[in-house]
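The structure appears below as structure tokens.
The values are calculated or read from the model by the stated rules, or taken from the named source; none is laboratory data. None of these values were measured; they are calculated from a predicted model. Ideal geometry is used to build each Cβ from the backbone, glycine not excepted, and the neighbour counts take in all protein chains shown. To get the accessible areas, we keep the full protein, side chains included, count just its heavy atoms, and leave off ligands, DNA and RNA. Shrake-Rupley method; radii C 1.70, N 1.55, O 1.52, S 1.80 Å.
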Amino acid sequence: MGICYNKEERIFKLDSINSTYIIEIIDTEGFVGHVYYGKRLRDTNLGYLTRSQEYPFTPEKNNRERVSFLDNFPFEYSTHGVGDFREPCLKVKSEDGTSACQLCYKEHSIYKGKPELKGLPASFGSEEECTTLELICIDPYINLEVVLCYTIFEKLDVLTRSIRIRNKGAKPVYLERALSLCMEFEGINFDVISLHGSWARERHIQRRHVELGKYAIGSTRGESSHQEHPFMAIVSRETSQDKGNVYGFNLVYSGDFFAQVEGTQFENIRFVMGIHPENFQWKLSTGEEFVTPEVVSVFSDNGIDGMTHIYHDFYRKHLIRSKYKDKERPILINNWEATYFNFNTEKLLHIAEDASKLGIEMLVMDDGWFGKRNDDNCALGDWFVNEEKLKGGLKYLVQEVNKKGMKFGIWFEPEMISPDSDLYREHPDWAIQINGRKPALSRNQYVLDYSRKDVRDEIYQRIKDIMESAPIAYVKWDMNRALTDLGSNMLQADQQGELSHRYVLGVYELLERFTSEFPDVLLEGCSGGGARFDPGILYYCPQIWCSDDTDAIERLQIQEGTAMVYPLSTIGAHVSDCPNHAVGRSTPFETRGYVALTGTFGYELDVTRISDEDKQLIPKQVELYHTYNNLIRNGDYYRLLSYREEGQYDAWQVVSKDKSEALVFYIQVLKRPNYRSKVLKLKGLEEKFMYSIQGQERILSGGALMYAGIPIENMPHDFEGKLLHVVRV
Ligand code: GLA
């Protein structure tokens, strides 16, 4: 396993338990070609697959048709301007204004372990866990060195890729695009799965056939976005939830991204992924290096569930750094939907008083505690406690909350500035804007220019002062608008195209500072709900608020899409009050609990005002959380039924790694009249083990539960749910 190089064949073979990836260097010029990615193979001599000697696609013997070769060869990293007319990953403009680039192999190195990506979040692994290949390529005409970095995680069927670009010439060059990954697929008989949405409807799953032509997704909003998601899977047409080949691609980045499948003239696929080129240009001066974010590629031949298991295991072990990733998180109650901006110390303490009696462990004070912030029109940037609202100050409030046996958490939106704020009156030039053009408002706020260190330093200091003024156990780091009017006062004209990426690097730098200085604080990412739920943020935050839509039924699709890639332990989910604030729907309190239990779990309601009936259910839910959170955080997640496809039912399951127990969540979304009970087939159990279902007498084999199934009794109403605990006997 690991990486080997066959010198005679000039073939690199990257192996993990179930997958093989093969690269070939061809021709005297040293083109780097993609040979194979898929199920594990023994052979190293598959170079014939690139068919580089097929006439007229023969670069050496048929120089006359060089363009035919370049436009057909399966490149490991595509470039622009010399004959490959498919999607380029790299486009370089020289100082004379021309742009062309062709990469040729120069040398390589193979070593144990994985390097860090400077300034960027990235997965990590020890020397025992992964091996890295660096293919050093050059374009001698423009003196550009491009290093293609591959790290194979041998036990997990994960391959990560990123690119380092260094200018070795005497003059600056401009990167007009620098994507992270190019992947060629033989044939076109594939489907593509992607995640789409909007505010309150994040990450709905979409599946479609790959056709000739291009299908792209992306974000140019400065964040990974509600609308589209930096994830794509390319799957064989017949692939189902449990069977078939799946290739997943997830970009570890929180800003503008681009991903595209292209059905080419020869009915093959070129897939590319990386930073969106639209708002991107990077000046690379002599000796400078640019590093792209990494793509986490996963191969599974066990269908979509197989891919999901790999991503979950990988992110839990090799991406999230927080000490909380493997721990049960405190059950929190957040006051946003409870009070919005209308709260004070007394109100918060009332909530804390009742919540603590019910077993809730932490109070989170959301937006509205600082400056003159009584609505969302002002004060972002003024990170000073509003003592009119918080009489006695923050320290007093936290002390009183702590006295009730609860921890305390707080909300910040560090990247923003309100035009109506003292910060803006002092530093109007700190907002991202184009000089002379009135910048567009969104939620009545602007975005701070985080490409500037002075801006980051000042905001960090303000946050730090608050953090040090009281024992704060949790922070919700929010971000509530997209970037527009991309201009920075500190960048030269030929570097303005760097702002979007520099902004993201600035956010990462601040998150790094914060997590290093406050490692004991539980940090939750957020962006108008789930607009920045991505692997880049997970590197710093072990959990991310999944959506502002807390309705249990809306959450089914949102959480299904999110959990297809991200571990349940990362999915911010709360029980809120009904009628739901986003959709006006009323669902049973139990159902809201089941849906939230499959995430981080917490409450987002005014516990002093809900019905006694609902209130009495809280200690039961708290108990369920303590009983099952370990299993939910660490187990394998399976999708059983999808409301998206079935219309009426939704069901999922979590199985412990040793298959000794499982939890089954079942939601009867709509009640059908005059209908038989639904037979549910479980997954992931051990065929030969015998299991009992809590509360039932029958003992059944894993085989019976998986292949024959169990009927789920009809429930009297819409939106009702059931939780089954299956235990090995
Ligand atoms: C965003 C978040 C919410 C809440 C508000 C506060 O919308 O997603 O949970 O914190 O901001 O303004």
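Below are the figures for this structure:
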read-out	value
Fraction of accessible area attributable to carbon and sulfur, the range 332-634 (%, probe 1.4 Å)	46 percent
Spatially proximal aspartates and glutamates relative to LYS688 (Cα-Cα < 20 Å; intrachain offsets below 8 disregarded)	ASP242, ASP636, ASP658, GLU661, GLU697
Relative packing of 329-338, 420-429, which averages over residues the other C-beta atoms within 10 Å, highest first	329-338, 420-429
Convex hull volume per residue for the range 114-180, taking Cα atoms only, in Å³	100 Å³
Whichever lysines have a C-alpha closer than 19 Å to that of LYS171, once near sequence neighbours (fewer than 8 apart) are set aside	LYS91, LYS93, LYS283
The range 640-728 shape via C-alpha gyration tensor axes, a/c threshold 1.5	prolate
Average accessible area per residue (Å²) across the range 35-172 - probe 1.4 Å, nucleic acids and ligands excluded	46 Å²
Stokes-Einstein D (µm²/s) once Rh is taken as the Kirkwood radius of the range 493-550 over alpha-carbon pairs, at 4 °C in 1.567 mPa s	102 µm²/s
Solvent exposure of the range 203-284 as accessible area per residue, Å², 1.4 Å probe	32 Å²
The range 101-182 - percent of accessible surface contributed by carbon and sulfur, probe 1.4 Å	51 percent
Rel. contact order, % - alpha carbon contacts under 8 angstrom, at least six apart, the range 3-318	16 percent
DSSP-assigned coil residues among GluC sites (Glu not before Pro) in the range 192-259, each with at most 15 further Cβ atoms within 10 Å	GLU211, GLU238
Extended-chain gain in nm, criterion 0.36 nm per residue less alpha-carbon gap, TYR707 and GLU646	20.0 nm
Carbon plus sulfur fraction of accessible area for the range 640-728, probe 1.4 Å, in percent	47 percent
Global geometry of the chain, whether rounded, prolate or oblate, following the gyration tensor of its Cα atoms and the 1.5 cut on a/c	oblate
Restraint check, LYS347/LYS453; LYS372/LYS615; LYS389/LYS464; LYS620/LYS678; LYS243/LYS657, Cα-Cα greater than 31 Å	LYS347/LYS453; LYS372/LYS615
Violating pairs (Cα-Cα greater than 29 angstrom) within the set LYS327/LYS476; LYS114/LYS659; LYS325/LYS659; LYS317/LYS659	LYS114/LYS659
Pairwise FRET efficiency - GLU127 versus ARG208, Cβ, R0 = 60 Å, nearest 0.05	0.90
Spatial separation of Cα centroids for the range 639-686 and the range 317-383, in angstrom	33 Å
Mean Kyte hydropathy of -0.5 or more with a Cα span along the axis of at least 18 Å, helices from DSSP in the chain	345-358, 499-517
Rounded, prolate or oblate (a/c below 1.5 giving rounded, otherwise prolate when a/b exceeds b/c) for the range 3-318 by Cα gyration tensor	rounded
Solvent exposure of the range 504-646 as accessible area per residue, Å², 1.4 Å probe	27 Å²
Relative contact order %, the chain, counting alpha carbon pairs below 8 Å whose residues are six or more apart	10 percent
